[in-house]
Amino acid sequence: MALSRASWSVNVHDLPPMDVIFGRSAVMAAAREKLDRIADTTVPVLVQGESGTGKEILARLLHAQSNRAHGSWVKVTCPAIPHSLIESELFGYEKGAFTGAYATKRGRVELAHMGTLFLDEVGGLDLSIQAKLLQVLQDGTFMRIGAQESRVVNTRLICAALGNLRQQTEEGSFRLDFFYRINAVTIDLPPLRERVIDLPMLIDYFLEEHGKAYRVDPKPLSREAMRAMQRYSWPGNIRQLENLIRTYVLMGDEEALVSELVSVSPPLGLPQIDLANPVSLKEITKAATRGLERDIILKVLQANGWSRRKTAKWLNISYRSLLYKLQETEVNAPSIRPRKSVRSIPGTN
Ligand SMILES: Nc1ncnc2c1ncn2[C@@H]1O[C@H](COP(=O)(O)OP(=O)(O)OP(=O)(O)O)[C@@H](O)[C@H]1O
Ligand SMILES: [Mg+2]
């Protein structure tokens, strides 16, 4: 079956605790407030954010907190369903509607009656399907393929989007009227690099969860590893963090974890800014420069097989000066030398 996982209930106990989901950043506090206000309504919600930022977790939480919590939770990963099947998967069909329609089949929209319909990666939906869903949002009606009469459904729609839907409307691949309907309320999830304040708590949570799952007692991470993680830009967001911590729990190799961050460091960019508190431009620039130097040094160290002499030569600074900088930026080169490279375990998320 082309459909992605669809379950019929969401147990709030299967979700991370609220404190872990929302953490301490101002952006997430705003998201939490929105969620509380709208949980019991049928207002459609659009959750936007980079990959791995927790869009599905948030959608599940919204369902679990709503008065539909005992109703069905129906997830549809839009791009995973072939174009030719999506209409029948979503809206169902009547017996004899087409060759092979031997029996009547209810679609996902209908199955989400009195529950929540979660359309993941909604940007991938065909325009004609968007039009049919718009109808559902307008008056709750839809038609099974081959039906003579329309049906009425009472469902709450939550959509998740990775990319920029507004831009898609300008390009013509997303209907403007549908866009306005689905984003009655928009929740923007920040990338992990913009909520580094929450890193320690998330790390503790994953250490504990995976420790329990694998029956090991992982060692807490050192301050050095913590710093490396705070400086890292997390392109895969919380999912990537979880995978790294899972690997660490299994392997117990902190050096491998840190070297993994170095080896996958993307190009240097904007420094980490904690938007939850006021910042001093001078302080942040100083810290960013230090971070930048540290990242460059780490990269060059790695490229030179962790030889400090070669690194100093390559960077055109004296050996003494490099040692000083390593000390200043709290890089302990020999201790971060990877013994073996442990990649995140494939297929674990
Ligand atoms: N706040 C959080 N606390 C704990 N775990 C989280 C949190 N947010 C996300 N996760 C974990 O990170 C992983 C990715 O989360 P989720 O699937 O909700 O992200 P997503 O935004 O839907 O990602 P994608 O765009 O790739 O589908 C999951 O394993 C989830 O359990
Ligand atoms: Mg998702």
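The values are calculated or read from the model by the stated rules, or taken from the named source; none is laboratory data. Just so you know, these numbers come straight off a predicted model, no measurement behind them. Note that we place each Cβ from the backbone using ideal geometry, even for glycine, and neighbour counts take in every protein chain shown.
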Residue, farthest from VAL47 (Cα to Cα), within segment 98-123, restricted to residues that are more than 28 Å from the chain's Cα centre (by Cα) and β-branched (Val, Ile, Thr): THR99
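With respect to ASP139, is the statement that it is more than 16 Å from ligand 2 (Cβ to nearest atom), within 25 Å of the chain's Cα centre (by Cα) and not assigned by TED's automatic domain parsing to the domain that holds GLN230 true? Don't jump to the end; show me each part of the working.
Numbers: more than 16 Å from ligand 2 (Cβ to nearest atom): yes; within 25 Å of the chain's Cα centre (by Cα): no; not assigned by TED's automatic domain parsing to the domain that holds GLN230: yes.
No.
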Would you confirm whether any residue within segment 165-186 is part of a strand (DSSP E or B), more than 26 Å from the chain's Cα centre (by Cα) and hydroxyl-bearing (Ser, Thr, Tyr)? no
Can you pull out the residues in segment 36-57 that are closer than 25 Å to VAL153 by Cβ, within 10 Å of ligand 2 (Cβ to nearest atom) and assigned to a helix (DSSP H, G or I)? LYS55, GLU56
Here is a list: ARG68, ARG144, ARG151. Which entry is closer than 28 Å to GLY49 by Cβ, of a type in the set (Lys, Arg) and buried (at least 16 other Cβ atoms within 10 Å of the Cβ)? ARG68
With respect to LEU61, determine if the residue is assigned to a strand (DSSP E or B) and within 15 Å of ligand 1 (Cβ to nearest atom). no
Residue count, segment 169-185, condition touching a helix residue (DSSP H, G or I) at 6+ places or on another chain (Cβ under 8 Å) and hydroxyl-bearing (Ser, Thr, Tyr), comes to 2
Which of the residues that make up segment 195-233 are within 11 Å of ligand 1 (Cβ to nearest atom) and not in a helix (DSSP H, G or I)? ARG195
Under 7 Å between Cβ atoms, which residue pairs at least 6 apart in sequence (or on different chains) link something in segment 206-232 that is in the same structural domain as TYR248 (by TED's automatic domain parsing) with a partner that is assigned to a helix (DSSP H, G or I) and of a type in the set (Ser, Thr, Tyr)? PRO218/TYR248
Identify, please: which residue in segment 167-200 is among the polar types (S, T, N, Q) and crowded, with 17+ Cβ neighbours inside 10 Å and is, among those, nearest to LEU58 (Cα to Cα)? ASN183
